[in-house]
Amino acid sequence: MTTEEKKEALTQCLLSQYRLCAAGVVGGGAFSVIRASKVKATAWPMLGGGFFGTFADFVYGYFVECAHLRSDESDQHSLFGARDREK
């Protein structure tokens with residue numbers, strides 16, 4: 001696999017991450033509905049959950065889900081790199 005193909009595969013892998021974004025939007029929507037009796041219901045909790053979830057998806061995708069596609073060999077460890085180096 002060439003470097004360009006690896007970059008393309010990594011991009012596709014990162015952009016296919018959506019679970020945490022969807023969970024953030026659903027969680028924010030639920031929070032907004034639950035709190036609607038006490039405060040004015042707005043879309044901000046859903047937007048905040050979506051933005052946080054999107055960021056979390058990219059971090060999770062880069063370090064866990066798509067780690068095998070990164071081209072820099074020194075960058076191949078996950079967030080738990082110390083444990084991975086012991087193997």
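All of the numbers you see were taken from the coordinates with simple rules; none came from a lab. The structure displayed is predicted, hence computed values, not measured ones. Every residue, glycine among them, receives a Cβ derived from its backbone with ideal geometry; neighbour counts consider all protein chains shown.
Quick check: residue separation of Ser16 and Phe55 times 0.36 nm, minus the Cα distance between them. What number comes out in nm?
Extending this stretch completely gives an extra 12.7 nm.
Expressed in nm to one decimal, what extension gain is obtained for the pair Phe63 and Leu47 from 0.36 nm per residue of sequence separation less their Cα-Cα distance?
Once the chain is fully extended between Phe63 and Leu47, it gains 3.3 nm.
Given a Förster distance of 35 Å, report the FRET efficiency between Ala9 and Ala30 from their Cβ-Cβ distance, rounded to the nearest 0.05. It would help to have the intermediate numbers written out before the result.
Values: r = 35 Å, r/R0 = 1.00.
So, using R0 = 35 Å, E works out to roughly 0.50.
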